[in-house]
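Asks: Below you'll find the structure I mean.
The values are calculated or read from the model by the stated rules, or taken from the named source; none is laboratory data. Computed from a predicted structure; not experimentally measured. Positions of Cβ are backbone-derived with ideal geometry, glycine not excepted, and every protein chain shown enters the neighbour counts. These area figures cover heavy atoms from the full protein model, side chains too; ligands, DNA and RNA do not enter into them. Shrake-Rupley method; radii C 1.70, N 1.55, O 1.52, S 1.80 Å.
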Amino acid sequence: MISSQLLNTVKLGIKSLMLHKLRSGLTMLGIIFGVCSVIAMLAIGEGASYEAQERIKRLGSNNIIINSFKPPEEKEETSGSRSFEIEYGLTYEDASRLQTTVPGVDYVLPMRILRENIRFGRNQEPGQVIGTLSSYPTVQGVDVVAGRFLSRMDEKHHRNICVITVGLAERLFPYQDPLDSTIRINSVYYQVVGLIRETSTMEQRPQKGQTEGEALDNNVYIPLSTARTRFGETIIRRNAGSQSAEKVELHRIIVKMLDTESVIQAEPQIQQLLKRFHKQNDHELIVPLQLLREAEATKRMFNIVLGSIAAISLLVGGIGIMNIMLATVTERTREIGVRRALGAKKKDIITQFLIETIVLSVGGGLIGVVIGILTPLAVSYFTNMMTVITPWSVLLAFGISGLTGVVFGLYPASQAAELDPIEALRHE
């Protein structure tokens, strides 16, 4: 009996809304855009956050990265000279001290990073020559696609062998297998023994502002001892009649710790150790674990901000529904009086108006969910921006739309129920 009565009330509510299709449609727009904006904005924010966190994770949550950089004060002091030499950055002794002094260290990976032109036949690509050790894949988590990586014997015997990235191989060797071929860097030939898929090429840059005009994965890996022998430790730069020489032993040291707890404890120890042996500020520490935690905190704050902005749209939509329903109560006063005179109770009137508001909000919510899912997909398709649609954001947006219908429909429904039947019948 109750279910059939409720069904009749629902039919009556839908019939009343269908009598004013345009007005009902415009009333639903606020809810539609509110739900759509909640889902779309959270999906875009989630995608941006996911990409940022993935880049940080590729650096290794157990790693501490130490980069060399040129102190600005050195540049200012020597800028008036026509010829000068400065020495700065990390050293091989730093790498040795880190391995033996800091507790909890698993690997210490020293690296030299040099910008050179890489040639094969007539093909030439600007890229980076990275001198490193055989432990690089273990520390950085790269994938060896073909062949092998550098070995300890390569390091011991200063061999002219190299491992190149897949991207560089595709550009230098478009029509042949690069394995066992030779590439030329300056006047020296190196045999290609392996291919790797680089996952953190953006972070391999030794200094900022040097990535323009070249691919991010044009990397060649050679034994560190070979890099030291072939390229030396002094880089000579000539510019507008002046000459400068910079001596840098290592451009980067990656310290891989045993676990994340060791990372937290080791960071201040490494800072103090390097500060003791470096008179000038010529290095910086990057702790991916801290960056990851900061990114997660930023993500939560970003989602709250985006969700709050989108929730305002739902609030405005709810106010629109309440405004329209209050106008509907005034418009249908005589109809309410007739129903009350025929025996309808207050709860029947409240139920009828609540159902109308819920139909508006839930209907608008369903349409908003569809548009909200399609919008991030369109953004990803046309802009190549990553978006992540989470089930909880869809459920949250749709749930709020339904709740909005109940909350903003209660006042108009109660106003309709409180009308005096006699006064309502007299209403013109």
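Asks: If the Cβ limit is 7 Å and pairs must be 6+ apart or interchain, which residue in region 276-293 that is more than 18 Å from PRO71 (Cβ to Cβ) pairs with which residue that is part of a loop (DSSP other than H, G, I, E, B) and of a type in the set (Gly, Ala, Ser)?
Replies: PRO288/GLY60; PRO288/SER61; LEU289/SER61; LEU292/SER61
Asks: Only one of GLU246, GLU198, GLU261 is modelled with pLDDT under 85 and closer than 20 Å to SER151 by Cβ; which?
Replies: GLU198
Asks: Another one. Which number in (1) part of a helix (DSSP H, G or I); (2) over 28 Å from VAL192 (Cα atoms); (3) of a type in the set (S, T, N, Q) marks the one condition that GLN280 misses?
Replies: Checking GLN280 against (1) part of a helix (DSSP H, G or I); (2) over 28 Å from VAL192 (Cα atoms); (3) of a type in the set (S, T, N, Q), the one that fails is (1).
Asks: Name the single residue, out of those in region 260-309 being among the charged types (D, E, K, R) and touching an Asp or Glu at 6+ places or on another chain (Cβ under 9 Å), that is surrounded by the most Cβ atoms within 10 Å (Cβ to Cβ). Before you say what the answer is, go through the steps one by one.
Replies: The initial filter retains those residues of region 260-309 that are among the charged types (D, E, K, R), namely 261, 267, 275-276, 279, 282, 284, 293-294, 296, 299-300.
Next, only the ones that are touching an Asp or Glu at 6+ places or on another chain (Cβ under 9 Å) stay: 282, 299.
Details: ASP282: 19, LYS299: 17.
Result: ASP282.
Asks: So which strands (runs of 3 or more DSSP E) are wholly in region 95-183 and hold at least 1 residues that are open to solvent by 50 Å² or more (accessible area, probe 1.4 Å)?
Replies: On the way: elements: 105-120, 123-132, 143-147, 161-165.
The strands (runs of 3 or more DSSP E) meeting that bar are 105-120, 123-132, 143-147.
Asks: May I pose another question? Limited to region 37-56, what total is found for residues that are open to solvent by 20 Å² or more (accessible area, probe 1.4 Å) and either more than 8 Å from the chain's Cα centre (by Cα) or within 26 Å of GLY365 (Cα to Cα) (or both)?
Replies: 6
Asks: Which residue out of GLY147, GLY141 is among the small types (Gly, Ala, Ser) and under 20 Å from THR226 (Cβ atoms)? Write out each step before concluding.
Replies: Working: GLY141 fails: under 20 Å from THR226 (Cβ atoms).
It is GLY147.
Asks: Is it the case that some residue within region 356-368 is open to solvent by less than 30 Å² (accessible area, probe 1.4 Å), touching a helix residue (DSSP H, G or I) at 6+ places or on another chain (Cβ under 9 Å) and either more than 21 Å from ARG23 (Cα to Cα) or without any contact (Cβ under 8 Å) to a residue 60 or more places away in the chain (or both)? Lay out the reasoning, then the answer.
Replies: Here is the first cut: in region 356-368, the ones open to solvent by less than 30 Å² (accessible area, probe 1.4 Å) are 356-357, 360-361, 363-365, 368.
Those still in the list that are touching a helix residue (DSSP H, G or I) at 6+ places or on another chain (Cβ under 9 Å) too: 356-357, 360-361, 363-365, 368.
Still in the list and also either more than 21 Å from ARG23 (Cα to Cα) or without any contact (Cβ under 8 Å) to a residue 60 or more places away in the chain (or both): 357.
The answer is yes, given that some residue of region 356-368 is open to solvent by less than 30 Å² (accessible area, probe 1.4 Å), touching a helix residue (DSSP H, G or I) at 6+ places or on another chain (Cβ under 9 Å) and either more than 21 Å from ARG23 (Cα to Cα) or without any contact (Cβ under 8 Å) to a residue 60 or more places away in the chain (or both).
Asks: What pairs come up if the first residue lies in region 89-114 and is under 16 Å from SER135 (Cα atoms) and in contact (Cβ under 8 Å) with a residue 60 or more places away in the chain, the second is assigned to a strand (DSSP E or B) and open to solvent by 30 Å² or more (accessible area, probe 1.4 Å), and their beta carbons are under 9 Å apart, counting only those six or more places apart or on different chains?
Replies: Once the first residue is under 16 Å from SER135 (Cα atoms) and in contact (Cβ under 8 Å) with a residue 60 or more places away in the chain and sits in region 89-114, its partners that are assigned to a strand (DSSP E or B) and open to solvent by 30 Å² or more (accessible area, probe 1.4 Å) give VAL105/LYS256; ASP106/LYS256; TYR107/LYS256; VAL108/LYS256; LEU109/LYS256.
Asks: Answer with yes or no whether VAL329 is open to solvent by 30 Å² or more (accessible area, probe 1.4 Å) and either in a helix (DSSP H, G or I) or under 30 Å from GLU54 (Cβ atoms) (or both).
Replies: On the way: open to solvent by 30 Å² or more (accessible area, probe 1.4 Å): no; either in a helix (DSSP H, G or I) or under 30 Å from GLU54 (Cβ atoms) (or both): yes.
For VAL329, the condition - open to solvent by 30 Å² or more (accessible area, probe 1.4 Å) and either in a helix (DSSP H, G or I) or under 30 Å from GLU54 (Cβ atoms) (or both) - is not met.
A quick yes/no check of all residues on (1) at pLDDT below 80; (2) outside any helix (DSSP H, G or I); (3) of a type in the set (Lys, Arg):
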| position | (1), (2), (3) |
| --- | --- |
| GLY320 | yes, no, no |
| ARG334 | yes, no, yes |
| VAL338 | yes, no, no |
| THR351 | yes, no, no |
| VAL359 | no, no, no |
| GLY368 | no, no, no |
| GLY372 | no, no, no |
| PRO376 | no, no, no |
| VAL379 | no, no, no |
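Asks: May I pose another question? LEU195: crowded, with 18+ Cβ neighbours inside 10 Å and either not in a strand (DSSP E or B) or not hydroxyl-bearing (Ser, Thr, Tyr) (or both), yes or no? Working first, answer last.
Replies: Working: crowded, with 18+ Cβ neighbours inside 10 Å: yes; either not in a strand (DSSP E or B) or not hydroxyl-bearing (Ser, Thr, Tyr) (or both): yes.
For LEU195, the condition - crowded, with 18+ Cβ neighbours inside 10 Å and either not in a strand (DSSP E or B) or not hydroxyl-bearing (Ser, Thr, Tyr) (or both) - is met.
Asks: Okay, moving on. ILE312: exposed (fewer than 14 other Cβ atoms within 10 Å of the Cβ) and assigned to a helix (DSSP H, G or I), yes or no? If you could, list the steps in order and put the result at the bottom.
Replies: Working: exposed (fewer than 14 other Cβ atoms within 10 Å of the Cβ): yes; assigned to a helix (DSSP H, G or I): yes.
Here the answer is yes, as ILE312 does meet what is asked.
Asks: Another question, if that's okay. Taking region 381-401, which residues are assigned to a helix (DSSP H, G or I) and either buried (at least 16 other Cβ atoms within 10 Å of the Cβ) or among the hydrophobic types (A, V, I, L, M, F, W, C) (or both)?
Replies: If we filter region 381-401 for residues that are assigned to a helix (DSSP H, G or I), which is where we start, we get 381-383, 391-401.
Within region 381-401, PHE382, TRP392, SER393, VAL394, LEU395, LEU396, ALA397, PHE398, ILE400, SER401 meet the criteria.
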